[in-house]
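Student: Provided herewith is a single structure, encoded as structure tokens, for subsequent inquiry.
The values are calculated or read from the model by the stated rules, or taken from the named source; none is laboratory data. Here the structure is a predicted model, which is why all the values come from computation and not from measurement. Virtual Cβ from ideal backbone geometry, glycine too; neighbours counted across all protein chains shown. Calculation scope for accessible area: heavy atoms of the full protein, side chains included, ligands and nucleic acids excluded. Shrake-Rupley method; radii C 1.70, N 1.55, O 1.52, S 1.80 Å.
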Amino acid sequence: MKIFENKEFKIENFISGNLNNNSYLISSKLTEKSLVVDVPDNPRELINKIPRNRLNKSQNLEKIKILITHGHYDHIEGIELLTERIGLVDIKIGFADAKYLNYSGNIDRLRSQKEIIFSNIKLEIIYTPGHTEGSICYFANFDDNKFLFSGDTLFPGGPGKTIDSQNFKKIYESIKHKLYILPKDTVILPGHGDSITIEDSIKEFNHFEYKNYISGDISWTK
């Protein structure tokens, strides 16, 4: 499904895998280079839409990069099929979550980098530990159209699942101090489900009272 398109860029959303994961394809219409955000199981529709050299896979190394929001299996289990079809390409993932990958190509472990610049595509890297220690969100601003690829850090209704109260504190602080300072018209594109704006997510958050002992599946509004 097409989410956004202008003269330079296009963002498309694909749903696959047993948990109905979202993956996103960010394409430069000027250079035919692209970034893939998360690769769930059986990403056949995504693969079919990636601009690439179908005859010489080695050339795709310079045309495509994969960005992973976090290392849980449902966000990475389609990598083998995707790279089988398009060839080995660079994968970027949070440093602490690189342990989840079993990949023979190049893995760029993100720890202090602030942005990704690929062709004319520029994304800000936002480190948001909590759901996993290496969780990352990617922020894009295309001609004043703003998008946040949030993985499982933030959904409509609340944060991603956490395993204990310490990790809930981390995700809470990541969201409050790193994501909710983004422009209010930013569209949040999560790892599962529908989108929401930062402005509307903050309205949900304002109903929430923090408690230092909670974790698991938490809703802002309950």
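Student: Hey, can you tell me all the residues within the range 1-55 that are at positive phi and touching a helix residue (DSSP H, G or I) at 6+ places or on another chain (Cβ under 6 Å)?
Tutor: Passing the criteria: GLY17, ASP38.
Student: Oh, and also: Working carefully through the options ILE50, ILE15, ILE26, ILE11, find the one that is buried (at least 18 other Cβ atoms within 10 Å of the Cβ) and within 22 Å of HIS72 (Cβ to Cβ).
Tutor: ILE26
Student: Take the residues in the range 191-219 that are of a type in the set (S, T, N, Q) and in contact with an Asp or Glu (Cβ under 7 Å, 6 or more places away or on another chain); name whichever of them is nearest to HIS70 (Cα to Cα).
Tutor: SER215
Student: Can you work out which of the residues in the range 98-116 that are open to solvent by 100 Å² or more (accessible area, probe 1.4 Å) and under 21 Å from LEU61 (Cα atoms) is nearest to the chain's Cα centre (by Cα)?
Tutor: Ranking the qualifying residues of the range 98-116, first place goes to ARG109.
Student: Specify the residue that is nearest to LYS114 (Cα to Cα); the eligible residues are those in the range 134-186 that are touching a residue at least 40 places away in the same chain (Cβ under 8 Å) and of a type in the set (Val, Ile, Thr).
Tutor: Looking at the filtered set, the residue picked out is ILE136.
Student: When the range 104-137 is examined, which residues are found to be assigned to a strand (DSSP E or B) and either modelled with pLDDT under 95 or in contact with an Asp or Glu (Cβ under 7 Å, 6 or more places away or on another chain) (or both)?
Tutor: Once the filter is applied, which keeps residues that are assigned to a strand (DSSP E or B) and either modelled with pLDDT under 95 or in contact with an Asp or Glu (Cβ under 7 Å, 6 or more places away or on another chain) (or both), the range 104-137 yields ASP108, GLU115, LYS122, LEU123, GLU124, ILE125.
Student: Let me ask something additional. Give the number of residues within the range 53-91 that are open to solvent by less than 30 Å² (accessible area, probe 1.4 Å) and not aliphatic (A, V, I, L, M).
Tutor: Of the residues in the range 53-91, 9 are open to solvent by less than 30 Å² (accessible area, probe 1.4 Å) and not aliphatic (A, V, I, L, M).
Each row is one residue, and each column tells you yes or no for (1) of a type outside the set (Lys, Arg); (2) more than 18 Å from GLY17 (Cβ to Cβ).
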| position | (1), (2) |
| --- | --- |
| VAL39 | yes, no |
| ILE47 | yes, no |
| ARG52 | no, yes |
| ILE64 | yes, yes |
| GLU77 | yes, no |
| LEU82 | yes, no |
| LEU88 | yes, yes |
| SER104 | yes, yes |
| ILE107 | yes, yes |
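Student: Looking at this structure, is TYR127 under 13 Å from the mean Cα position of the chain (by Cα) and open to solvent by 20 Å² or more (accessible area, probe 1.4 Å)?
Tutor: yes
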